[in-house]
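The values are calculated or read from the model by the stated rules, or taken from the named source; none is laboratory data. Computed from a prediction, not measured in an experiment: that's the story for all the values here. Here Cβ is always computed from backbone atoms with ideal geometry, including for glycine, and neighbour counts include all displayed protein chains.
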Amino acid sequence: MVLIAPSLLAADFARLGEALRVIEAAGAPMIHVDVMDGHFVEEITVGPPVIQSLRKATKLPLDLHLMIEAPERYAADFIEAGGDRISVHAESATHLHRVLEQIRKLGAKAGVALNPETPVQVLVDMVGKFDFLSLMSSDPGLTEQHFIPRSVEKVRAAAFLREETRIDFAIQVEGGIRLEHVGQLDRAGADILVAGSAIFYSDDPKARLREMMRLASKA
């Protein structure tokens, strides 16, 4: 069954505690947090102090997407702050294998994130060094971005790579995902779908999240 990971990027940052309660009440399995530095992407979001506060407020796993330059310099800080799953961009890590090894040694799950224009094939020699692959289905940064349809084929390519190498890793998809995308991404081979604006920009975020999770369970 494909899992839904609600993204706090689309929530009201002045009411993050309420957003956590919504996610927990709906029964979601994890919480996704986008960390942006104003360099790798234009926006700036949160740092380790906010992650520490989130960690104190919930027992759900924290899935941290580091959209930052030189992630090898900061990955340990975010794990110490409470991150359980850490994804870094292949486009920003100078020595990708080193930061993935560092993340695993510190006890967190290590993920590789790929921008929409980066092909899955660049990771052929890296399979086995990461626990999950996070495919961006919209350009990284702003919350209000449209889903890129060709992302479905990219998920299929990742699923084929997993089957071909016989090395297991989770396939995560993030960016512009709405209710209508759940089924097709599940059929393509996705395991985790990150959704933010589709949930928190609705009139009833808890009901919308539950509906998305219901579709995921049926898919």
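Some points to look at:
- When restricted to residues that are among the β-branched types (Val, Ile, Thr) and over 24 Å from residue 154 (Cα atoms), region 100-125 contains 1.
- Wholly within region 1-89, helices (runs of 4 or more DSSP H) carrying at least 1 residues that are aromatic (Phe, Trp, Tyr) and either touching a strand residue (DSSP E or B) at 6+ places or on another chain (Cβ under 6 Å) or within 20 Å of residue 176 (Cα to Cα) (or both): 75-81
- Just one residue in the set 68, 31, 51, 86 is without any contact (Cβ under 8 Å) to a residue 60 or more places away in the chain, under 19 Å from residue 213 (Cα atoms) and either buried (at least 19 other Cβ atoms within 10 Å of the Cβ) or among the aromatic types (Phe, Trp, Tyr) (or both); that residue is 31.
- Single residue of region 127-147 satisfying the filter (in contact with an Asp or Glu (Cβ under 8 Å, 6 or more places away or on another chain) and farther than 25 Å from residue 99 by Cα) that is modelled with the lowest pLDDT: 142
- Count of region 112-167 residues which are within 15 Å of residue 67 (Cα to Cα) and small (Gly, Ala, Ser): 5
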